[in-house]
Every structure is written in structure tokens, then in C-alpha cells.
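Trainee: What follows is a single structure, and I will ask about it in a moment.
The values are calculated or read from the model by the stated rules, or taken from the named source; none is laboratory data. What you see is a predicted model; the values in this text were computed from it and never measured. When we count neighbours, we look across all protein chains shown, and the Cβ atoms used for this are built from the backbone with ideal geometry, even at glycine. Ligands, DNA and RNA are stripped out before the accessible areas are found, and what is left, the full protein with its side chains, is counted by its heavy atoms. Shrake-Rupley method; radii C 1.70, N 1.55, O 1.52, S 1.80 Å.
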Amino acid sequence: MRQYVESASRTPVLSATLVVTLVLLVVVFPALPIGGEMLDVKAGYTYAEAVAAMESYGERGRQVYAWSSLTLDALLPFVYVSFLSGFIYRLRPTERLWSLACLPLAAGVLDLCENVQVVLMLTRYPDVSAGQVAVASWFTLSKGYAVSACLLLAIALAAVAAVRRVRHGLRDRAA
């Protein structure tokens, strides 16, 4: 794992994974002809909300959504986990904290589990149980919390690195 995060922390890899993540989130997913808001982007949902959403997608929209969940949305966690892991690894304040870079992996695993649950619901529609929706919603909510926690960690590490850089610059000027 350490070799992976070391590789992901290189500038070209960080740049590429950031660009691919943004393109998928801002350009590709919104352009998919699904016919409604994807369940993945909600902060959880009820049985009634999930069934209404799947109904609004229509047969073609459900097919497109299921296909994209198995392909594009399987690529997305790999890309953003690589970015966040590399970024966190690169900005870790001490060598001992390198393992913080492994935290985004939890978000990626939750995202992939969410994708499986969403595909199961889409392919079983209209025979979707309240229990299935509850499990899918739990993965969606958990993924959201995990990604948010990793983003907050990355921002905090960036702030610490910026403060250290400023302090180092001030010490150099004073010397």
C-alpha cells in the first residue's frame, strides 16, 4: 500500500487523478441520459424516494444508470481514492503519519458497495424491497461521510503545510 500512495503522491499522478475526478463529476455524470437525479449523489433516501427516482428514470434511464454504475462509477472511486491518498501522503506532517493516506480507501470501498446496491435495485425494479433500499441508502450516506472526512483531513493537512511553509520562510528571512 505504501508504494501505491507514494506513487499517487507524485505531481503528475495527483494532477491526472484530480482532472479525471473533476471531469467525471462535472461533465460526464451530469450528461448521462438517466432522466433524474442519481441516487448516489443524495445524502441518503427513503424507500418511497428511491422507488420514485427509479420510476422517473424509465427503463432506458435505469439501464444507463446501471451500466454507468458498473463502469464509470467503478472508475471514479479508484481515481478519487488515488488523488486523496496521494495528496494526504504528500502533505503528512511526519513520516509516522503516512498511514493516514490509507483512509480514503475506506471511502472507495463504501462507494463500490453502494454501486453494487444501486445496480441491484435498478435491475430488480420494480421488485425492490425496503430492506434493499435501506442498505443502499446506508452505503450512500456512509460514503458521503467518509469522503467528507477525507476531504477535511486533506484540507487540514494543506493548512498545516501552508503554516509550516510560512514559518519556515519567516525564519529564513530573520536569519
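Trainee: Return the residues of the stretch 21-45 that are under 19 Å from L84 (Cβ atoms) and open to solvent by 60 Å² or more (accessible area, probe 1.4 Å); say none if nothing qualifies.
Mentor: Result: L22, V23, L25, V26, V41.
Trainee: In the stretch 87-114, how many are more than 15 Å from L152 (Cα to Cα) and either among the aromatic types (F, W, Y) or in contact with a Cys (Cβ under 7 Å, 6 or more places away or on another chain) (or both)?
Mentor: Summing the residues that are more than 15 Å from L152 (Cα to Cα) and either among the aromatic types (F, W, Y) or in contact with a Cys (Cβ under 7 Å, 6 or more places away or on another chain) (or both) in the stretch 87-114 gives 1.
Trainee: Can you find even one residue in the stretch 142-149 that is open to solvent by less than 80 Å² (accessible area, probe 1.4 Å), modelled with pLDDT of 95 or more and farther than 27 Å from V41 by Cβ?
Mentor: For the stretch 142-149, residues open to solvent by less than 80 Å² (accessible area, probe 1.4 Å), modelled with pLDDT of 95 or more and farther than 27 Å from V41 by Cβ: absent.
Trainee: Taking T94 as meeting all but one of (1) farther than 20 Å from Y125 by Cβ; (2) of a type in the set (V, I, T); (3) crowded, with 16+ Cβ neighbours inside 10 Å, write down the number of the exception.
Mentor: Condition not satisfied by T94: (3).
Trainee: Inside the stretch 42-54, can you point out the residues that are in contact (Cβ under 8 Å) with a residue 12 or more places away in the chain and part of a helix (DSSP H, G or I)?
Mentor: Initial filter on the stretch 42-54 (in contact (Cβ under 8 Å) with a residue 12 or more places away in the chain): 42-47, 50-51, 53-54.
Hits for the stretch 42-54 are Y47, A50, V51, A53, M54.
Trainee: Considering only residues that are in a helix (DSSP H, G or I) and of a type in the set (D, E), look in the stretch 1-41 and name the one that is modelled with the highest pLDDT.
Mentor: Among them, the one singled out is E6.
So that you can scan it fast, the table gives a plain yes or no per residue for (1) at positive phi; (2) open to solvent by less than 60 Å² (accessible area, probe 1.4 Å); (3) among the hydroxyl-bearing types (S, T, Y):
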position: S68; (1), (2), (3): no, yes, yes
position: V116; (1), (2), (3): no, no, no
position: G131; (1), (2), (3): no, yes, no
position: V163; (1), (2), (3): no, no, no
